[in-house]
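The values are calculated or read from the model by the stated rules, or taken from the named source; none is laboratory data. Note that the structure is predicted; figures quoted are calculated from it, not measured. Note: ideal-geometry Cβ built from the backbone for every residue, glycine included; neighbour counts use all protein chains shown. Just so you know, the surface numbers come from the protein's heavy atoms only, side chains and all, with ligands and any DNA or RNA stripped out. Shrake-Rupley method; radii C 1.70, N 1.55, O 1.52, S 1.80 Å.
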Amino acid sequence: YGNSVILRLNRCAAVRAGVAAAYGIDASADSQEACFITTIAAAVNAVYLIVDTKTGNRYVGSTYGYDGLLGRWSVYVATGGHGNNKGMISHLKSANHSCHDLQFTVLQVLSKALPDNQIIDAETLWKKKLLTYEPFGMNQN
């Protein structure tokens with residue numbers, strides 16, 4: 001995985017707890033580690049990969065906008081792992097699938113100053129490289 005950051009979408013109670021659990025750090029409100037990780041995640045955009053570790057199904061997405069990677073992580077936590085993505089919703093509704101089986105990997109860290117269209121172009125390139133469009137993956141666009 002090289003320099004990729006791997007997160008598990010487990011302990012979906014809160015963003016801080018989710019990020020802290022993913023990195024195996026103290027999630028208490030006064031934890032410097034948890035504050036550091038959430039600050040970094042809010043300061044960058046990224047292209048990321050989600051893999052169902054039971055089936056191997058894959059989804060590539062990207063972050064852009066005000067809240068960066070942390071904001072997108074928040075949506076995944078709040079939605080039980082699907083992040084409002086049609087392919088992910090369908091996958092998680094099918095039998096024997098759970099957000100606890102999802103592995104989140106940052107493929108490429110991007111500046112928040114980068115225009116949205118360049119971020120989307122990077123996301124599209126990763127989708128093609130990793131064959132995440134249906135029928136091989138969970139990407140529908």
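A few notes on this one:
- Qualifying residue in the stretch 40-54 (condition: more than 23 Å from Ile120 (Cα to Cα), modelled with pLDDT of 75 or more and surrounded by fewer than 20 Cβ atoms within 10 Å (Cβ to Cβ)): yes
- Selection status of Asp116, over 14 Å from Tyr48 (Cβ atoms), of a type in the set (Asp, Glu) and over 15 Å from the mean Cα position of the chain (by Cα): yes
- Condition check for Leu114: open to solvent by 30 Å² or more (accessible area, probe 1.4 Å), at pLDDT 90 or above, assigned to a helix (DSSP H, G or I) and within 23 Å of Val44 (Cβ to Cβ): no
- Checklist (1) more than 15 Å from Val44 (Cβ to Cβ); (2) at pLDDT below 85 applied to Thr132, failing item: (2)
- Looking only at the stretch 62-107, residues that are of a type outside the set (Phe, Trp, Tyr), at negative phi and in a helix (DSSP H, G or I) come to 19 in all.
- Selection status of Trp73, surrounded by fewer than 21 Cβ atoms within 10 Å (Cβ to Cβ), touching a residue at least 24 places away in the same chain (Cβ under 8 Å) and of a type in the set (Phe, Trp, Tyr): no
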